[in-house]
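Okay, so here's the structure we're looking at.
The values are calculated or read from the model by the stated rules, or taken from the named source; none is laboratory data. Everything numeric in this text was worked out from a predicted model, so none of it was measured. Heads up, the Cβs are rebuilt from the backbone with ideal geometry, glycines too, and the neighbour counts pull from every protein chain shown.
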């Protein structure tokens with residue numbers, strides 16, 4: 001388990017470098033990401049050549065977590081799991097953190113500490129994290145952004161004196177250019193990186209030169225018992241149909257592998273298509289899934305892609321289920337205003353207008369209860385998911401809302417989304433059926 005005291009410590013680049021280093025060495029590396037993030041797992045997959053799966057203690061049922069554990073065991077000889085935010089940060093003050101998952105799984109924690117503004121004081125940070133929660137196994141530390149050999153020597157000596165049971169695996173120097181570009185939802189997507197392979201190899205070179213990866217393999221241990229569990233046949237969200245057209249490109253990249261693989265395992269055929277390439281959903285599909293992503297960055301192109309928009313409208317007109325999440329939901333609406341204030345006509349399947357010219361952050365876990373029968377199940381069916389976007393809703397309706405929602409603390413936040421027969425959507429990214 002790769003964790004850090006806070007976001008921005010460098011744990012993602014460390015994780016990617018470690019995965020790539022082991023993959024280059026012939027090790028089968030399976031990877032996971034704590035929480036609901038879509039973007040980091042795509043980088044993991046690029047580094048390892050294998051799918052990365054999310055692990056979310058708040059949103060996933062125990063059976064789903066065990067299924068992911070079984071999938072990870074199938075995919076690799078060693079599992080590298082990247083945490084989310086700081087080690088003890090989660091859905092609430094007391095639930096859903098990387099630390100909670102480390103305790104449940106039994107996986108040892110490697111703490112990545114940004115040491116650029118401290119020396120011996122870093123040992124106090126490590127001690128505090130190591131003793132904050134009984135039963136949590138912090139096995140090793142890696143210091144990041146180290147200023148030189150003298151700085152590294154002080155860090156090692158201070159940590160080894162104060163915490164002899166915690167191995168100092170390495171001191172990574174400050175390296176210019178070894179960072180990933182960001183935008184409003186996090187990192188720029190892996191598929192948009194101009195030379196991702198070179199970046200990953202450079203990160204791997206730094207890991208090989210400065211981190212004791214052999215010691216790290218010794219520290220790794222079997223944990224999380226998934227005895228009897230299988231990663232097959234457990235769709236976290238019910239299939240929308242037997243032949244599901246899946247929008248998949250740079251504008252619609254936020255689909256969870258566990259959900260889509262679960263549909264396939266349940267017998268559904270999933271047929272990808274690219275709205276950005278002006279491809280229409282398969283004409284014989286009985287369902288269309290428009291996941292989230294960045295349609296606001298491509299709104300002008302999407303508005304002019306006649307084959308895509310007409311194909312979507314024809315699918316809805318013939319009664320196919322059409323389901324949009326977040327960005328996909330916005331494209332199902334009547335109009336999307338981009339960051340420059342330009343309005344672009346969308347599919348017009350739902351009475352929805354959204355804008356990025358005056359952005360507003362919406363962020364948090366959601367428990368979403370269906371308000372009527374439809375493609376996702378019967379009224380009362382309950383899901384857990386996550387909302388993260390900067391779109392301002394100018395108009396949502398008139399129409400029937402799709403879900404009634406509460407946040408991670410159980411506080412009611414009202415109805416959300418829209419449903420018009422088999423055409424449905426909301427800003428919530430569904431992760432799993434609720435307990």
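I'd like the residue in region 378-399 that is over 24 Å from residue 348 (Cα atoms) and surrounded by 14 or more Cβ atoms within 10 Å (Cβ to Cβ) and, out of all such residues, is farthest from the chain's Cα centre (by Cα). Quick ask: steps written out before the conclusion?
Initial filter on region 378-399 (over 24 Å from residue 348 (Cα atoms)): 378-386.
If we keep only those that are surrounded by 14 or more Cβ atoms within 10 Å (Cβ to Cβ) too, we end up with 381-386.
Numbers: 381: 24, 382: 21, 383: 17, 384: 14, 385: 12, 386: 10 Å.
Once the filter is applied, the top-ranked residue is 381.
If you check 23, 42 for being within 24 Å of residue 202 (Cα to Cα), in contact with a helix residue (DSSP H, G or I) (Cβ under 7 Å, 6 or more places away or on another chain), surrounded by fewer than 24 Cβ atoms within 10 Å (Cβ to Cβ) and at pLDDT below 95, only one passes: 42.
If the requirement is being assigned to a strand (DSSP E or B) and surrounded by 14 or more Cβ atoms within 10 Å (Cβ to Cβ), which of these qualifies: 414, 425, 348, 328? Talk me through it step by step, then tell me what you get.
Numbers: 414 fails: surrounded by 14 or more Cβ atoms within 10 Å (Cβ to Cβ); 348 fails: assigned to a strand (DSSP E or B); 328 fails: assigned to a strand (DSSP E or B).
Step by step, each of 414, 425, 348, 328 is checked, and only 425 is assigned to a strand (DSSP E or B) and surrounded by 14 or more Cβ atoms within 10 Å (Cβ to Cβ).
Would you mind finding the one in 142, 154 that is at pLDDT 95 or above and in contact with a strand residue (DSSP E or B) (Cβ under 9 Å, 6 or more places away or on another chain)? Break it down stepwise before answering.
Numbers: 154 fails: in contact with a strand residue (DSSP E or B) (Cβ under 9 Å, 6 or more places away or on another chain).
Checking each option against the conditions leaves just 142.
The single residue among 209, 287 that is more than 23 Å from the chain's Cα centre (by Cα), modelled with pLDDT of 95 or more and buried (at least 16 other Cβ atoms within 10 Å of the Cβ) turns out to be 287.
Selection of region 107-155 for residues being free of Cβ contacts under 8 Å to residues at least 24 places away in the same chain and under 25 Å from residue 81 (Cα atoms) yields 128, 131, 134. Every condition in (1) modelled with pLDDT under 95; (2) surrounded by 23 or more Cβ atoms within 10 Å (Cβ to Cβ); (3) in contact with a strand residue (DSSP E or B) (Cβ under 8 Å, 6 or more places away or on another chain) is met by residue 90 except one, and the failing one is (3).
Filtered by the rule that a residue be assigned to a loop (DSSP other than H, G, I, E, B), modelled with pLDDT under 95 and more than 15 Å from residue 3 (Cβ to Cβ), region 93-117 gives 93, 94, 116, 117.
Return the only residue of 419, 339 being over 22 Å from the mean Cα position of the chain (by Cα), closer than 24 Å to residue 295 by Cα and crowded, with 21+ Cβ neighbours inside 10 Å. Spell out how you get there, then give the answer.
Numbers: 339 fails: crowded, with 21+ Cβ neighbours inside 10 Å.
It is 419.
For residue 379, the conditions (1) modelled with pLDDT of 95 or more; (2) not in a loop (DSSP other than H, G, I, E, B) all hold with the exception of (2).
Evaluate the following for residue 17: is it over 13 Å from the mean Cα position of the chain (by Cα) and assigned to a loop (DSSP other than H, G, I, E, B)? Before you say what the answer is, go through the steps one by one.
On the way: over 13 Å from the mean Cα position of the chain (by Cα): yes; assigned to a loop (DSSP other than H, G, I, E, B): no.
So residue 17 fails the test.
The set of residues from region 26-39 being assigned to a loop (DSSP other than H, G, I, E, B), surrounded by fewer than 24 Cβ atoms within 10 Å (Cβ to Cβ) and within 15 Å of the chain's Cα centre (by Cα) comprises 36, 37, 38.
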